[in-house]
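Trainee: This is the structure I have questions about; it appears just below.
FYI, it's all coordinate maths here, none of it is from the lab. All values reported here derive from a predicted model rather than from experimental measurement. Methodologically, a virtual Cβ is constructed for each residue, glycine included, from the backbone with ideal geometry; neighbour enumeration extends over all protein chains shown.
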Amino acid sequence: MSSSAATSEHVEATRTRGLHVPRGLPFVLPYLPFLIVFGIAPTIYALELAFTNVDGSWAGFDNFTRTYDDFRFIPAFKHILVYTVVWLGALMVFVVGLALLLHGRANRVSATYRFLFYIPGALAGAAAVVIWLFMLDPTVSPGAFLLRDLLGANIFAQSIAPGNLPYIFAMIAFWTGAGGWIVVMYGALNTIPPDLEEAARIDGAGPFTIAFRLKLPLIRKWIAYMLILSFALGTQLFVEPEIVQHASFGLVSDTWSTNQLAYQLAFRYADFNGAAAIAVDLLMIGLLGAVVIVTRSGLFRAED
Amino acid sequence: MKVEQRWLMLASVVAVAATTAALVAAATGGANSGKASGSITVWVDAVRLPVAKLYVKTHPRVKVNVVTYDGDGNGATTMQTKIQLWNRTGKGWPDVVFSEQANDPVWMSQPPFDFALNLKGVFPASLLTGWPAPSLAQCTVNGRLVCLQDNLAQEVLYVNKKLMGQFGYTVPKTWQEWAALGAKVAKEHPGYIIGNIGESFSHWLYLWPDRCPISQVVAPKTVRINSANVQCTRMAQLLDPLIKSGVVPPESVFTPSFAQKYGGDTDKILLMPGPTWYAKDIFGGTLKVPAGEMTAAMPLRWNNEAPTTGQVGGGPWIVSKHSKNVAAAIDFVKFATTSLAVKSKPGALSPGFPSYGPAATVWLKNLNKDPYFAAPPGAAMKAAAALVWKGWSMVTYPDQPVWSTAVVTQLVAGKSLSDQLPALGEGLSNNAKAAGYKVVNK
């Protein structure tokens, strides 16, 4: 970020800001059509569906109250809430913690660990879940003793007992996503000028003080960025419960998560309007979460 | 529903046999071709694909466009999506659809899908008499015959004849005798089982045969759900001690751990209520029970009440009401369900008990000759076909997820079945209401 803008006069700042738009446009242009076609247009369509009836007439908030009264609505949101809290908590603590630990190590050691952490993330969504299906089956899992001792599970059906599910899905999501974020956080830590660290050390700061009082505040924006993306992703959980539901022959509800409920409403009950209402609910939650995190962390403030 | 998915495996294993059968049929099946011509589009699952291919081969005058899809529960969602899209665009409907889900024709015959053709008066009446009454009743929605079952999936009691003889037990005829034997097995031969209750369809194995009214359509769009009825509670009470003592474990035969614990290597399955398609496929294939041990006995009855049984699956054929070539579509269904070229032998072309009676007779004769079985299982299967209780109606919503999530997960956690019946009733009621049914108690 340019530090000259902050020191320059008001007139000049306004002028540079005015120039940002045409300069930035070519950079975002290749992405813009995709954003419109796959992002903005479906959102507008969902909004339109959510506020209309099957015949296209105005429905007001009817679709929202109707889906809210659905017997599956509250349980699905409860599941998602527990899942998101557990997952985001784990991401915050472990990703930042591990990145800070790695950053203090010699380069070769940390490179090896970064690679190791990243490997589980190389398995994309569904493939990772399929592997976890084996990991969670005590008869074939290499971690069978853990399943037996910690969860008291002797068969697959006991591993995926309803009470365990949010934690299991959070664990799957953590292991497939955390590695990538550790690498990103490590990159963020590398942007901290070494002389700052040096100065802190000379002032008598130990490794803990440097990590928590110096490095952590400086990568706050990256953490906020991670939380916003993960929060939206978490509330839209679909693949994990869907696959486990099929693999367990229905022991997991097919409307476990809110996104699954929207899917079922659309395709089993032909209720696209209700499904759109739930999608808009999720959009609002995602936006709200993002606004809170952005304002609290000052993500888009040019200078602190 | 996943229950027919393992037939995929079977289908590939016996692909060679299918080719041979097709060649034989090509020589003999031509007689069936009738006057059908023109072109039709047919949607089938992988198991029915050889049948469609055989039709193509033997009916050169009909141009058949065969499309395969997963005909199970996932397929049902696909089909629902597709039909809605076709309805919106006003074209593209297939002429014939096969589904593994016995309840699919119910939603297919009603708005917003409104897809199924009334086969009454269109399908040759002389052939319809070959279907057992319960099968036709199941395919009748609001007085219209909207499908024809490809195969019956009536339940029988599978018996390990070798083990029963070895232990000196007699085959039970009633649920009471079965439960008494279970108590004995738990003491004398712990580890052996007389059934299982961990399937997504276990309620069809135990509650349906006892005439438990939790899926009973009593008027159009009105379903009776009463899990507190004595027909439900008495069966739950009978099962509870058996589940607790481990002779009826809450596990599924489709899980690897089940085969490991009870399958051929340890050979611990003494008895097991199950549908006809379990036969050689599940016991010989999935569970690897050696040849010369298993057979089938009559389904269990409650004390000396009239015998009734349940059903698991039994996929239907549905003809589209939008079809422009109904003659060829009907000819195709006729071929798939009644022709001996398809239905005479247990195997890739006809893995399940044919629902068309005359074909079933030939099929049973061939099944009885199979050396896998310790004794011919055909007689019990045939008798059970007429015993499927008609009070368990097909509805537009799936009941398996409710049973699995409300009951099986709790049984796995060590709770009793009796305690879960209220939750089962509530879950089913919620789903019924969400699907637009009125729920009544009596």
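Trainee: What is the antiparallel percent of DSSP beta bridges lying wholly in chain B, to the nearest 5?
Mentor: Working: 23 of 38 bridges.
Rounded to the nearest five, the antiparallel share is 60 percent.
Trainee: Explain nothing, just compute: Karplus ³J(HN,Hα) = 6.51 cos²θ - 1.76 cosθ + 1.60, θ = phi - 60°, for every residue of segment B:374-389 in order, whole Hz, x for Gly and Pro.
Mentor: Result, ordered by residue: 6, 8, x, x, x, 4, 5, 5, 5, 5, 5, 4, 8, 9, 4, 5 Hz.
Trainee: Quick check: the distance between the Cα centres of segment A:202-266 and segment A:60-133, to the nearest angstrom?
Mentor: One Cα centre to the other: 3 Å.
Trainee: Give me the one-decimal Kirkwood hydrodynamic radius in Å for segment A:74-270, with the sum taken over alpha-carbon pairs. Present the calculation step by step, with values, prior to reporting the outcome.
Mentor: Working: mean 1/r = 0.0538 Å⁻¹.
Result for segment A:74-270, one decimal place: 18.6 Å.
Trainee: While we're here: Label residue B:305 and residue B:439 with points 7 Å out from Cα along Cα→Cβ: what is the distance between them in nm?
Mentor: Calculated label separation equals 2.3 nm.
Trainee: Seen from all sides and averaged, what is the projected area of the convex hull of the Cα atoms in the protein assembly as shown, in nm²?
Mentor: Values: hull surface 157.2 nm².
Seen from a random direction, the Cα hull of the protein assembly as shown projects 39.3 nm² on average.
Trainee: Would you kindly derive the ³J(HN,Hα) couplings of segment B:352-357 from the backbone phi angles with the Karplus curve 6.51 cos²θ - 1.76 cosθ + 1.60 (θ = phi - 60°), listing them in order in whole Hz, with x for Gly and Pro?
Mentor: Coupling constants for segment B:352-357: x, 4, x, 7, 7, x Hz.
Trainee: Over all residues in B:394-406, what is the mean tally of Cβ atoms on other chains that come within 10 Å of each residue's Cβ?
Mentor: On the way: counts 0, 0, 2, 2, 3, 0, 3, 9, 2, 1, 9, 10, 1.
For this peptide, the per-residue mean of nearby foreign Cβ atoms is 3.
Trainee: With each pseudo-label sitting 7 Å past Cα toward Cβ, what's the residue B:266-residue A:126 distance in nm, one decimal?
Mentor: 3.4 nm
Trainee: Then there's this: Between residue B:291 and residue B:183, take the C-beta separation as r, use R0 = 35 Å, and let me know the FRET efficiency to the nearest 0.05.
Mentor: Efficiency for this residue pair is about 0.70.
Trainee: Take every Cα-Cα pair in segment B:84-225 and report what % of them are more than 18 Å apart. Intermediate values should be presented prior to the final figure.
Mentor: Details: 6936 of 10011 pairs.
Every Cα pair in segment B:84-225 considered, those over 18 Å come to 69 percent.
Trainee: Looking at the P(r) of segment B:257-416, how many percent of alpha-carbon pairs lie beyond 29 Å?
Mentor: Working: 4086 of 12720 pairs.
Cα-Cα pairs in segment B:257-416 separated by more than 29 Å: 32 percent.
Trainee: Summing Lys, Arg as +1 and Asp, Glu as -1, what charge do residues with Cβ under 15 Å from the Cβ of residue A:142 carry, residue A:142 excluded? Before the final figure, lay out the partial values.
Mentor: Working: positive: A:148; negative: A:137, A:149.
Once positives and negatives cancel, what remains is -1.
Trainee: A follow-up question, please. If you take every residue apart from residue B:274 with its C-beta less than 10 Å away from the C-beta of residue B:274, what net charge results, scoring Lys and Arg +1 and Asp and Glu -1? Please list the in-between numbers first.
Mentor: Details: positive: none; negative: B:155, B:199.
Charge balance in the 10 Å sphere: -2.
Trainee: Kindly state, to the nearest 0.05, the FRET efficiency for residue A:246 paired with residue B:91, given R0 = 41 Å and r defined as their beta-carbon distance.
Mentor: Details: r = 32 Å, r/R0 = 0.77.
Once the sixth-power term is evaluated, E becomes 0.80.
Trainee: Find the centroid of the Cα atoms in segment B:169-227 and in segment B:363-442, then give the distance between the two in whole Å.
Mentor: Using only Cα atoms to place each centre, the spacing works out to 9 Å.
Trainee: While we're on this one: Which helices pass in chain A if a helix is a full DSSP H run, must span at least 18 angstrom along its long axis by Cα, and must have mean Kyte-Doolittle hydropathy not below 0.5?
Mentor: Working: long enough: A:10-28 (27 Å, -0.21); A:73-90 (26 Å, 1.47); A:165-190 (37 Å, 1.32); A:220-235 (22 Å, 1.01); A:272-297 (37 Å, 1.73).
Result, helices passing both filters: A:73-90, A:165-190, A:220-235, A:272-297.
Trainee: State, in angstrom, two size descriptors of segment B:247-330 derived from its alpha carbons: Rg to one decimal place and Dmax to the nearest whole number.
Mentor: 18.5, 56
Trainee: Relative contact order for segment A:74-270: what is it in percent, counting Cα pairs under 8 Å that are at least 6 residues apart? Mind showing how you got there, number by number?
Mentor: Details: 197 pairs, mean separation 63.5, N = 197.
Across segment A:74-270, relative contact order equals 32 percent.
Trainee: Please state the relative contact order of segment B:204-360 as a whole percent: Cα pairs under 8 Å, 6+ residues apart?
Mentor: Numbers: 139 pairs, mean separation 29.5, N = 157.
Computed value for segment B:204-360: 19 percent relative contact order.
Trainee: Among B:316, B:180, B:58, whose Cα projects farthest towards the positive end of the dipole of chain B, with charges put on the beta-carbon of Lys, Arg (+1) and Asp, Glu (-1)?
Mentor: B:58
Trainee: Could you tell me what % of all Cα pairs in segment B:57-141 have separations over 23 Å? Present the calculation step by step, with values, prior to reporting the outcome.
Mentor: Details: 1169 of 3570 pairs.
Taking all Cα-Cα pairs of segment B:57-141, the fraction more than 23 Å apart is 33 percent.
Trainee: Same structure, new question: Using square roots of five times the C-alpha gyration tensor eigenvalues, list the equivalent-ellipsoid semi-axes of segment A:110-212 in whole Å, biggest first. All intermediate terms of the calculation are to be shown ahead of the outcome.
Mentor: Values: eigenvalues 300, 51, 24 Å².
Taking √(5λ) for each Cα gyration eigenvalue gives 39, 16, 11 Å.
Trainee: Let me have the relative contact order for chain B, percent, based on Cα pairs under 8 Å that are six or more residues apart. Don't jump to the answer; show the numbers that get you there.
Mentor: Values: 863 pairs, mean separation 109.0, N = 442.
Rounded, it is 25 percent for chain B.
Trainee: Tell me, B:164, B:381 in order of fewest to most beta-carbon neighbours within 10 Å? Spell out each step's value before the answer.
Mentor: Details: B:164 20, B:381 25.
Ordered from fewest to most neighbouring Cβ atoms within 10 Å, B:164, B:381 come out as B:164, B:381.
Trainee: What is the Cα radius of gyration of chain B over 2.2 N^0.38 Å, N being its residue count?
Mentor: 0.96
Trainee: Listed highest first by mean packing, meaning other Cβ atoms within 10 Å per residue, what order do B:175-188, A:41-54, B:50-63 come in?
Mentor: B:50-63, B:175-188, A:41-54
Trainee: First select every other residue whose beta carbon is under 10 angstrom from the beta carbon of residue B:51; then total the charges, Lys and Arg +1, Asp and Glu -1. List each step's numbers first, then the result.
Mentor: Working: positive: B:48, B:53, B:343; negative: B:150.
So the environment of residue B:51 carries a net charge of +2.
Trainee: Taking R0 as 35 Å, what FRET efficiency do you get between residue A:287 and residue A:209 from their Cβ-Cβ distance, rounded to the nearest 0.05? Write out the running numbers ahead of the final one.
Mentor: Numbers: r = 37 Å, r/R0 = 1.05.
Result of the calculation: an efficiency of 0.40.
Trainee: On to the next question. Please report A:27, B:258, A:77, A:71 as a ranked list, fewest other C-beta atoms within 10 angstrom at the top and most at the bottom.
Mentor: Working: A:27 8, B:258 22, A:77 19, A:71 14.
Ascending Cβ contact count within 10 Å gives the list A:27, A:71, A:77, B:258.
Trainee: Search the structure for amide H atoms under 5 Å from the amide H of residue B:38, placed 1.01 Å from N in the peptide plane, and list their residues when 5 or more places away or on another chain.
Mentor: B:63
Trainee: Additional query: Evaluate the distance, in nm, between pseudo-label points positioned 7 Å from the Cα of residue B:68 and of residue B:386 along their respective Cα→Cβ axes.
Mentor: Taking the simple label geometry, residue B:68 and residue B:386 are separated by 3.8 nm.
Trainee: Please report B:113, A:34, A:249 as a ranked list, fewest other C-beta atoms within 10 angstrom at the top and most at the bottom. Each step should come with its number before you reach the end.
Mentor: Values: B:113 19, A:34 9, A:249 23.
So the ranking, lowest neighbour count to highest, is A:34, B:113, A:249.
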